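Read-outs: derived from the displayed coordinates by stated rules, not from any lab. From a predicted model like this one, the values you see are computed outputs, not experimental measurements. Methodologically, a virtual Cβ is constructed for each residue, glycine included, from the backbone with ideal geometry; neighbour enumeration extends over all protein chains shown.
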Amino acid sequence: MSCDQRVALVTGSGQGIGRGVAIGLARDGYLVILNSRSADPNNPNVGAYEVKNVIETDGGAADVIRGDVGHLEDHEQIETVIAEKYGRLDLLVNNAGVAPAVRADILEATPESYDRVMGINLRGPYFLTQRLARRMIEWKQDGAMETGRICFITSISAYTASISRGEYCISKAGLSMATLLFADRLAEYDMPVIEIRPGIIATPMTAGVKGKYDKLIAEGLLPNRRWGTPDDVARAVCAVGRGDFDYSTGEQIDVSGGFNIRRL
């Protein structure tokens, strides 16, 4: 199969940052494949099918592939559907991620929590990117698409210690290195790989700590004294998708309201 429209896969796109990114890319002309482990066609008011409805109502195009990025056996299904239905993948957005189920001091954290977070946040996207990058190279060489681009959604936690969720910080730091590794490996194929580091973004993941961050932001934690939104992150990803950063492969882009500025 072949598709005349640019195709993007956004993992973890049923809510939060992934939802915003998917909607933004659809508005930029991408056919967006929505990936979620809990996509339910019988419940179109939540999750990936809700996002699909929003995109299509807005005049865009979207598809849904159910699958858990943390389960490597699901990767083959994701690849097969993309290959058989579209025959190209112009943009891969590795967004799916989880926080620890229980925030625990690093001296008390459990191996089970560590394995769960690392499996979904790092191991899964690492091997999904490996698999899909190989196909993206083939599709580019076959002329099915102009080029492929890859975006890793990490976090300011890639460089910021948070001792009550150490496994999350380590997973994001590892994903930051994965960006550099894939950027280096894929440069010979002119396939840019960019890291986007969101800061304090208003999503279901951060809803439980809203009061804490409301106070910190009000007290000046961020130069831009507001929460970030999924749309803020989507704008950065859309710029990557347009090719605005093609000569900046391996770059890290903070979307954090200035959190990355060192201040006295």
Worksheet item: Of the listed peptides 139-147, 37-45, 185-193, what is their order by residue-averaged count of other C-beta atoms within 10 Å, with the highest listed first?
Response: 185-193, 139-147, 37-45
Practice prompt. Please work out the ratio of the alpha-carbon Rg of region 67-149 to 2.2 N^0.38 Å and round it to two decimals.
Written response: 1.35
Worksheet entry | Extension gain, Asp244 back to Arg103 (0.36 nm per residue minus Cα-Cα distance, nm) | 47.0 nm
Worksheet entry | Greater than 25 Å apart at Cα, pairs in Lys85/Lys172; Lys52/Lys140; Lys52/Lys85 | Lys85/Lys172; Lys52/Lys140
Worksheet entry | Calculated FRET value between Val46 and Arg131, using beta carbons and R₀ = 22 Å, to 0.05 | 0.15
Worksheet item: Hey, can you list the DSSP H helices of the chain whose Cα span along the axis is 20 Å or longer and whose average Kyte-Doolittle score is at least 0.5?
Response: 166-186
Practice prompt. Only helical DSSP H runs with n ≥ 4 go in: add -39500 (n - 2.57) per run for the chain, normalise by residue count and round the 222 nm mean residue ellipticity to 500 deg cm²/dmol.
Written response: -13000 deg cm²/dmol
Practice prompt. Amide H neighbours of Ile33 under 5 Å, at least 5 residues apart or on other chains, H built in the peptide plane: list them.
Written response: Ala8, Leu9, Val10, Asp63
Worksheet entry | Stokes-Einstein D in µm²/s, Kirkwood radius over Cα pairs - the chain at 20 °C with 1.002 mPa s viscosity | 115 µm²/s
Response to the item:
Residue span Val54 to Leu264: 0.36 nm per residue of separation minus Cα-Cα distance leaves a gain in nm of 71.2 nm
Practice prompt. Select from Ser176, Ser36, Ser164 the residue whose mean-square fluctuation is largest in a Gaussian network model of the chain (Cα-Cα springs shorter than 10 Å).
Written response: Ser164
